[in-house]
Structures are given as structure tokens and as C-alpha cells.
1. Show me 75-81, 44-50, 3-9 ranked by packing, highest mean number of other Cβ atoms within 10 Å first.
2. Using 1/(1 + (r/R0)^6) with R0 = 35 angstrom and r between the beta carbons of ALA28 and LEU94, what's the FRET efficiency to the nearest 0.05?
3. Could you derive backbone 3J(HN,Hα) for region 24-36 from the dihedral phi with the Karplus parameters 6.51, -1.76 and 1.60 (θ = phi - 60°), listing whole Hz in sequence and x where the residue is Gly or Pro?
4. If you stretched the chain out fully between ARG78 and PHE57, how much longer would it get, using 0.36 nm times the residue separation minus the C-alpha to C-alpha distance?
5. 222 nm [θ] for the chain, helices only, -39500 (n - 2.57) per DSSP H run of 4+, per residue, to 500?
6. With Kirkwood radius over Cα pairs in Å defined as stated, name the option among [x] 15.7; [y] 16.8; [z] 14.0 computed from the structure displayed.
7. Using the per-residue mean of other Cβ atoms lying within 10 Å as a proxy for protection, in what order, highest first, do the peptides 15-21, 33-39 fall?
8. Mind listing the phi-derived Karplus ³J(HN,Hα) values for region 47-53, rounded to whole Hz, using 6.51, -1.76 and 1.60 with θ = phi - 60°, and x for any glycine or proline?
Amino acid sequence: VLGNAHVSLFFAGGQSPGSARRALAAYAQAERVDASAAANPDLHLNRATLLQYLERFQAALEGLSRAAELAPGWDEPRKRHGNLLEFLSRLCGLLANR
């Protein structure tokens, strides 16, 4: 919950690096102290969303994959994973052709 609050502050407060750092730290702490949090696909999806905005694409893809793994019937993580791969593919193409 604390991580999500910091993510909300990140997006509402001008994308402050401090809010992002606090959100990532809160997610990591939740995983360390609570095994059920580590198995929560929402945690992985929310953290991956933040990582994507921070342009930490590999970590974002890993988080989306983990969320999809934990919730096989939930389409959102797979959809976002595909969208991010498509974005990165287009970006690489644009960079190669510039």
C-alpha cells in the first residue's frame, strides 16, 4: 500500500525522483517482510509501471512477466508486456534509421 501511495505521489506531484525511490523501496520492503506481498501480481504490475516511466525497461519487462506468471488468468500484465515490447521495437527501429 505504501508503494502505491508513493507511485500516486510520483504521478500527481510532477514525477519526483524522491517519490519514485520511496515507492521502489516500499515495494522491495514489502517483498522482504511479507511472502504474500511477493506473490501479489498487483505489486509487480504497479512496480513495473513505475519502472517503465523511469525508462528501466528490462526491469519493467521482468515485473510484467512476474505479474503474468502469478496471475495466469489476468490479461493486463501480458497486454502491457506486449505493448512495451512493441514500443521498444519501434524505438530501436527509429534509432537505427535516424
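Just so you know, all these numbers are worked out from the coordinates, no wet-lab data involved. As the structure is a computational prediction, the values presented were derived from the model and not from experiment. Cβ placement follows ideal geometry from the backbone for every residue including glycine, while neighbour counts extend to all protein chains displayed.
1. Packing proxy ranking, top to bottom: 44-50, 3-9, 75-81.
2. E between ALA28 and LEU94, to the nearest 0.05, is 0.55.
3. So the J values, rounded to whole Hz, are 5, 5, 5, 4, 5, 5, 4, 5, 5, 9, 9, 4, 5.
4. On the way: separation 21, 0.36 × 21 = 7.56 nm, distance 1.49 nm.
Roughly 6.1 nm would be gained on extension.
5. -26500 deg cm²/dmol
6. Calculated Kirkwood radius over Cα pairs in Å: the matching label is [z].
7. Result, highest mean Cβ count within 10 Å first: 15-21, 33-39.
8. 5, 4, 4, 5, 4, 5, 5
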